[in-house]
Amino acid sequence: MDILNYINGQLRPAQGDAWLQNPSPRDGQVFSRIADSAAADVDLAVEAARSAQPGWEALGSQGRHDALMRLAALVERDMEAFAQAESRDNGKPVALARKVDIPRAISNLRFFATAILHWGSEAHATDGIAVNYTERSPVGVVGCISPWNLPLYLFTWKIAPALAVGCAVVAKPSEITPLSAYMLAERCVEAGLPPGVLNIVHGTGAKAGAAITAHPEITAISFTGGTATGARIATVAAPMFKKLSLELGGKNAVVVFADCDFDMMLKETVRSSFSNQGQICLCGSRILVERSIYERFKKDFVACVKALRVGDPQDETTDLGAVVAEAHLQKVLGHIALAKEEGGIVLTGGERVHLDGPLKDGWYMAPTVIEGLGPLCRTNQEEIFGPVVTLQPFDTEEEALANANSTRYGLASVLWTNNGTRMHRMAHALKSGVVWVNCWMLRDLRTPFGGMKQSGVGREGGEEALRFFTEAKNVCIKL
Ligand code: TXE
């Protein structure tokens, strides 16, 4: 299978006919090849976007709404094919792709297609001497660069608001999981999206990604990925005065108080630890438990984790599929070795899982729980981004807070308590862009989404995203 670029409405290989191999995490076998694009391909995409943008803006919000809704309907029509493809490309259980990834991609398209119909701006009357109104216009051609963990979910999370406000887009999905974006491109052709409005350039970050970041005609970059990559992108984009939205890494704390609803907490904490093989930047990888219930939590949690089924992503009963790449598997296993060196005790998991038969070369690992480490060791400070969590007891709220806030990240926190005043007190004091109380990954797309500290710059979601992809102009008229 050839995964082609989508430039100016056409599906085409990279110039120079360069290709990357695309293996499936499920069995480690190459099943497709990806256009290995470079600056010349990005130049073509930007040229197409620049030509298409004025007409796309002039189409108006109703016209853009209609086009995005047609695209959403085609993704929904082919939901199963997208779910199977996402699972094959990423290694996640197909049940997860069917339940989370693809439905959310459809919601992203529909949410922003409709949001633009209701989006207004503001006016300010100045003491009877002037009236001001704020005009919000699309910034032009934008770059959207997305990661491999939630491929279509995060790809559409970026392109939908950009397209809805009238920008034209040059987008690059991760070279590790390009398939669903390619399938979306095929549906763009079928939906009759005007050529050049959306351009998808496949390839590596160092070539295609860097060319998008550095292109002088791209006015804004929306990026989701690792913190180190975000910093590299910022060093290029900032001196070019591009708008930047950076959604980066996380090392999220789950704070469990004895007064919580234990059974609900336990079930959700297994999910927040290991969903998508722990490869969601919002996963709770540091679990802090009030000492009076620590032993009970440890026993019940480890029992639940041992019962999780690591298996064929195509099998409906699988809880954990394969991690996304061989290199990533080695990276996660390396973190477990480090944890042991730092004095951690592996309560369950900690090793690669070899399935038999055709899946013997797939990249599977056991969900892993580690205890006995303090808050400041590397294992509790560095993002692992795999099915690995640590447990730490705490005695006081102050201690839990200091621990939760002790990393350079600030993306999400999860708080389990039924004490109302504590909910507000802790939510206020936790240094993260998202705080979930007695839930995890409960998402309202209108809310601001993103991290602080080294988890990112800016916010996505709702009006935040529409404002990111537009320039605000104040027009002041003397009365
Ligand atoms: O990131 P990478 P990954 C974080 C998550 C983890 C990481 C996983 O916590 O740390 O992202 O994603 C392209 N110039 N989040 O490993 O390598 C690359 O090709 C331009 C946080 O994929 O940074 C890919 O398309 N582009 C997030 C994309 O950047 C470059 C949710 C990401 O790649 C580039 C998901 C360069 N120099 C993951 N180098 C959140 N906060 O929501 C690479 N790329």
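The values are calculated or read from the model by the stated rules, or taken from the named source; none is laboratory data. The model shown is predicted, which means the values in this text are computed figures rather than measured ones. Using ideal geometry, Cβ is built from the backbone for each residue, glycine included, and neighbour counts are taken over all protein chains shown. Heavy atoms of the whole protein, side chains included, go into the accessibility calculation; ligands, DNA and RNA do not. Shrake-Rupley method; radii C 1.70, N 1.55, O 1.52, S 1.80 Å.
The table below gives the values:
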item	result
Residue list for segment 74-99, filter: hydrophobic (A, V, I, L, M, F, W, C) and in contact (Cβ under 8 Å) with a residue 60 or more places away in the chain	LEU74, VAL75, ALA81, PHE82, ALA85, VAL94, ALA95, LEU96
Pair list, Cβ under 8 Å, 6 or more apart: segment 24-37 residue over 20 Å from GLY203 (Cβ atoms), other residue at pLDDT below 95 and outside any loop (DSSP other than H, G, I, E, B)	none
Index of the failed condition, ILE370 passing every other in (1) open to solvent by less than 10 Å² (accessible area, probe 1.4 Å); (2) in contact (Cβ under 8 Å) with a residue 40 or more places away in the chain	(2)
Segment 316-333 - residue that is more than 14 Å from the ligand (Cβ to nearest atom) and in contact (Cβ under 8 Å) with a residue 60 or more places away in the chain and, of those, farthest from LEU355 (Cα to Cα)	GLU316
Residue selected from segment 67-107 under the condition among the basic types (Lys, Arg) and in a helix (DSSP H, G or I), by the criterion nearest to the chain's Cα centre (by Cα)	ARG104
Residues satisfying the stated conditions in segment 212-265, i.e. more than 21 Å from the chain's Cα centre (by Cα) and buried (at least 19 other Cβ atoms within 10 Å of the Cβ)	HIS215, ILE218, THR219, LYS242, VAL255, VAL256, PHE257, CYS260, MET265
When residues of segment 92-115 are limited to those that are of a type outside the set (S, T, N, Q) and open to solvent by 40 Å² or more (accessible area, probe 1.4 Å), the one nearest to the ligand (Cβ to nearest atom)	VAL100
Residue list for segment 284-293, filter: within 15 Å of the ligand (Cβ to nearest atom) and open to solvent by 10 Å² or more (accessible area, probe 1.4 Å)	SER285
Spans of strands (runs of 3 or more DSSP E) in segment 376-450 with at least 2 residues without any contact (Cβ under 8 Å) to a residue 24 or more places away in the chain and open to solvent by less than 50 Å² (accessible area, probe 1.4 Å)	434-437
Strands (runs of 3 or more DSSP E) completely within segment 116-226 that count 3 or more residues being more than 15 Å from the ligand (Cβ to nearest atom) and without any contact (Cβ under 8 Å) to a residue 24 or more places away in the chain	123-126
VAL42 surrounded by 23 or more Cβ atoms within 10 Å (Cβ to Cβ) and among the hydrophobic types (A, V, I, L, M, F, W, C)	yes
Residue list for segment 227-257, restricted to those being of a type in the set (Gly, Ala, Ser) and either more than 6 Å from the ligand (Cβ to nearest atom) or at pLDDT below 95 (or both)	ALA228, GLY230, ALA231, ALA234, ALA237, ALA238, SER245, ALA253
Every residue from segment 14-35 that is of a type outside the set (Gly, Ala, Ser), under 15 Å from ALA181 (Cα atoms) and either open to solvent by less than 40 Å² (accessible area, probe 1.4 Å) or touching a helix residue (DSSP H, G or I) at 6+ places or on another chain (Cβ under 9 Å) (or both)	ASN22, ILE34
Residue within segment 455-462 that is outside the structural domain of PHE262 (by TED's automatic domain parsing), open to solvent by 50 Å² or more (accessible area, probe 1.4 Å), within 13 Å of the ligand (Cβ to nearest atom) and not in a strand (DSSP E or B) present	yes
Looking only at segment 464-479, and only at residues there that are closer than 27 Å to ARG232 by Cα and among the charged types (D, E, K, R), the one that is surrounded by the fewest Cβ atoms within 10 Å (Cβ to Cβ)	GLU471
